[in-house]
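Participant: I am attaching a structure below and will ask some questions about it afterwards.
The values are calculated or read from the model by the stated rules, or taken from the named source; none is laboratory data. Please read these numbers as outputs of a predicted model, since none were measured by experiment. A quick note on method: Cβ atoms are made from the backbone with ideal geometry, for glycine too, and the neighbour counts reach across all protein chains shown. These accessible areas exclude ligands, DNA and RNA; they are computed on the full protein's heavy atoms, side chains included. Shrake-Rupley method; radii C 1.70, N 1.55, O 1.52, S 1.80 Å.
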Amino acid sequence: GAFAISSEATVHDAQLVVMQSSLDTDATSALRTPVAAPAWTSDDLGIAFRAQAQYAFTATHAYTLGGYHDTNAVLTDAFVAPLDGGPAMATTALPTATGFGEAIAVDDYIFVIGGRDQVFGGTGASTTYSAHIAADGSLEPWQPATALPMGRTNHDVALVGDFLALTGGATTGGGDATVLVSRVRR
């Protein structure tokens, strides 16, 4: 079988959408199946292989942010694709090379939280950036947001009401049990 990495998923119009990247085909695609009657299809997004990219979803779009290609160089590029299917388009690049972080959509913004700029080694970043989502789904320029109190890489983030909760990951090495919570909606 093919070497593939599935990194994030969402449910859209009663379909499970899974972002998947294959080194064998040097492609990133969106796998789709109806939740009620599973039958997988695949949409090539026109993006080369990405490992450890940050993915975020709105009600209409999927975002692929950073990650690394087979050169082991962490990237800044960013792409947006319609969740209903179709190729991705380049959008505003990240301000710094980021992989192993997390991205999340909240209202009309995308947040990229933590991560690191190296594939092997390196330490988790405390940086957080946000970009406003334009009407066409593209991203406006990234802005610094409140930094984390400690670096984080290989973590998870979830929106819980008006708050973002960050769990797991660490600055380096093994995991950390500290849960970070921040109000994101006022």
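Participant: Filter the stretch 49-66 down to residues that are open to solvent by 30 Å² or more (accessible area, probe 1.4 Å), of a type outside the set (S, T, N, Q) and not in a strand (DSSP E or B), then give me how many there are.
Facilitator: Of the residues in the stretch 49-66, 1 are open to solvent by 30 Å² or more (accessible area, probe 1.4 Å), of a type outside the set (S, T, N, Q) and not in a strand (DSSP E or B).
Participant: Anything in the stretch 77-136 that is among the acidic types (Asp, Glu) and at positive phi? List them, or say none.
Facilitator: Asp107
Participant: Related question: Suppose we filter the stretch 120-151 for residues that are without any contact (Cβ under 8 Å) to a residue 60 or more places away in the chain and either in a strand (DSSP E or B) or aliphatic (A, V, I, L, M) (or both); how many remain?
Facilitator: Here is the first cut: in the stretch 120-151, the ones without any contact (Cβ under 8 Å) to a residue 60 or more places away in the chain are 120-132, 134-136, 138, 140-151.
Next, from what is left, pick out any that are either in a strand (DSSP E or B) or aliphatic (A, V, I, L, M) (or both): 125, 128-132, 134-135, 143-145, 147-148, 150.
Within the stretch 120-151, residues that are without any contact (Cβ under 8 Å) to a residue 60 or more places away in the chain and either in a strand (DSSP E or B) or aliphatic (A, V, I, L, M) (or both) number 14.
Participant: Take the stretch 162-180 and flag every residue that is in a loop (DSSP other than H, G, I, E, B) and either touching a Lys or Arg at 6+ places or on another chain (Cβ under 6 Å) or at pLDDT 95 or above (or both). If you could, list the steps in order and put the result at the bottom.
Facilitator: Looking only at the stretch 162-180, we keep the residues that are in a loop (DSSP other than H, G, I, E, B), and these are 162, 171-179.
Across the stretch 162-180, the qualifying residue is only Asp162.
Participant: Across the stretch 15-47, what is the number of residues that are buried (at least 16 other Cβ atoms within 10 Å of the Cβ), hydrophobic (A, V, I, L, M, F, W, C) and without any contact (Cβ under 8 Å) to a residue 24 or more places away in the chain?
Facilitator: Residues flagged as buried (at least 16 other Cβ atoms within 10 Å of the Cβ), hydrophobic (A, V, I, L, M, F, W, C) and without any contact (Cβ under 8 Å) to a residue 24 or more places away in the chain within the stretch 15-47 amount to 2.
Participant: Continuing with this model, one more query. Report whether or not Ser6 is modelled with pLDDT under 90 and within 14 Å of the chain's Cα centre (by Cα). I'd like the intermediate steps shown before the answer.
Facilitator: Details: modelled with pLDDT under 90: yes; within 14 Å of the chain's Cα centre (by Cα): yes.
When the stated conditions are applied, Ser6 passes them.
Participant: Can you tell me which residues in the stretch 67-86 are surrounded by 15 or more Cβ atoms within 10 Å (Cβ to Cβ) and assigned to a loop (DSSP other than H, G, I, E, B)? Outline the logic, then answer.
Facilitator: First pass over the stretch 67-86, keeping only residues surrounded by 15 or more Cβ atoms within 10 Å (Cβ to Cβ): 67-69, 74-83.
Within the stretch 67-86, Gly67, His69, Leu75, Thr76, Asp77, Leu83 qualify.
Participant: Of all residues in the stretch 119-129 being modelled with pLDDT of 90 or more and open to solvent by 20 Å² or more (accessible area, probe 1.4 Å), which is nearest to Asp107 (Cα to Cα)? Even if it seems obvious, please write down each step before you answer.
Facilitator: Our first condition is that a residue be modelled with pLDDT of 90 or more; within the stretch 119-129, this holds for 119, 123-129.
When the remaining residues are screened for being open to solvent by 20 Å² or more (accessible area, probe 1.4 Å), the result is 123, 125-127, 129.
Numbers: Thr123: 30, Ala125: 24, Ser126: 23, Thr127: 20, Tyr129: 15 Å.
Looking at the filtered set, the residue picked out is Tyr129.
Participant: Are any residues in the stretch 151-168 of a type in the set (A, V, I, L, M) and either open to solvent by less than 60 Å² (accessible area, probe 1.4 Å) or closer than 12 Å to Glu102 by Cβ (or both), and if so, which ones?
Facilitator: Within the stretch 151-168, Val157, Ala158, Leu159, Leu164, Ala165, Leu166 meet the criteria.
Participant: Restricting attention to the stretch 87-111, which residues are assigned to a strand (DSSP E or B) and either touching a helix residue (DSSP H, G or I) at 6+ places or on another chain (Cβ under 8 Å) or touching a residue at least 60 places away in the same chain (Cβ under 8 Å) (or both)?
Facilitator: Restricting attention to the stretch 87-111, the residues satisfying the condition of being assigned to a strand (DSSP E or B) are 89-91, 99, 102-106, 109-111.
Matches in the stretch 87-111: Glu102, Ile104, Val106, Phe111.
Participant: Mind counting the residues in the stretch 89-103 that are surrounded by fewer than 22 Cβ atoms within 10 Å (Cβ to Cβ) and of a type in the set (A, V, I, L, M, F, W, C)?
Facilitator: Going through the stretch 89-103, the residues surrounded by fewer than 22 Cβ atoms within 10 Å (Cβ to Cβ) turn out to be 89-90, 92-93, 95-97.
Adding the requirement that they be of a type in the set (A, V, I, L, M, F, W, C) leaves 89-90, 93, 97.
Going through the stretch 89-103 one residue at a time, the tally reaches 4.
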